[in-house]
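Presented below is the structure to which this report refers.
The values are calculated or read from the model by the stated rules, or taken from the named source; none is laboratory data. Since the model is a prediction, treat every value here as computed from it, not as a measurement. For neighbour counting, all protein chains shown are included, and Cβ atoms are generated from backbone atoms with ideal geometry for every residue, glycine included.
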Amino acid sequence: MKSFVFLLLFLGVSAASAHSWTPTYFEFRPSHLAGVYVTEMTLFNKREDATYYSVEVRDKDFNSVSFRTSSPFYAIEYLEKQKIRVYVSQKDLDKALYICSRSRFPAGTKASSLVSSRICSKVRP
C-alpha cells in the first residue's frame, strides 16, 4: 500500500508528457501495389526529451505483425508533426489490429527522463 501511495504522489508531482498518434481509429485501403494495403497516421511530438520514434503493428494478443514504412525510425523535433504511411500485405490484413508509435532513445543517451511512451491506434470496428 505504501508503494502505491508513493507512486501516486510521484506521478502527481512529475510532469507527464507523451506524443500524439492519430487517428485513434484507422482504416486500411488498397495501395498502388497489388495485395498491399495502406493507412496514413500522424505523429505529433509533444516531448522535449524525445526526438526519435518507431512504428509497430500488433495483433489482438499484441504480437508483432509484418508491415512496412518508409523508415525504421523517424526523427521528429519537439512540436513538429509528420505523416507516416503504414503498409500491410493482404495476408496480414486480418491480423493487423493496432498500429503503435513508440518514443526511442539512441544508445548512450543520458537524459533526465528515459521513459519511453507508446501510443496505439485501433482498426476501425
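List of remarks:
- Complete set of residues in region 45-70 that are in a strand (DSSP E or B) and under 18 Å from Y98 (Cα atoms): Y53, S54, V55, E56, V57, R58, S64, R68
- Test for S116: is it of a type in the set (S, T, N, Q), part of a loop (DSSP other than H, G, I, E, B), farther than 16 Å from T24 by Cα and touching a helix residue (DSSP H, G or I) at 6+ places or on another chain (Cβ under 9 Å): no
- When residues in region 34-58 are screened for being farther than 22 Å from R104 by Cβ and in contact (Cβ under 8 Å) with a residue 24 or more places away in the chain, 4 of them pass.
- Checking the stated criteria, Y52 turns out to be surrounded by 11 or more Cβ atoms within 10 Å (Cβ to Cβ), aromatic (F, W, Y), under 28 Å from V36 (Cβ atoms) and modelled with pLDDT under 95.
- Checking K95 against (1) surrounded by 13 or more Cβ atoms within 10 Å (Cβ to Cβ); (2) part of a helix (DSSP H, G or I); (3) of a type in the set (D, E, K, R), the condition it does not meet: (2)
So that you can scan it fast, the table gives a plain yes or no per residue for (1) at pLDDT 95 or above; (2) among the charged types (D, E, K, R):
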{"position": "V65", "(1), (2)": "yes, no"}
{"position": "Y74", "(1), (2)": "yes, no"}
{"position": "Y78", "(1), (2)": "no, no"}
{"position": "V86", "(1), (2)": "yes, no"}
{"position": "S89", "(1), (2)": "yes, no"}
{"position": "L93", "(1), (2)": "yes, no"}
{"position": "R104", "(1), (2)": "no, yes"}
{"position": "T109", "(1), (2)": "no, no"}
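- The condition of being part of a loop (DSSP other than H, G, I, E, B), surrounded by 14 or more Cβ atoms within 10 Å (Cβ to Cβ) and modelled with pLDDT under 95 does not hold for A16.
- Counting the residues of region 70-86 that are within 16 Å of Y37 (Cα to Cα) and buried (at least 17 other Cβ atoms within 10 Å of the Cβ) gives 2.
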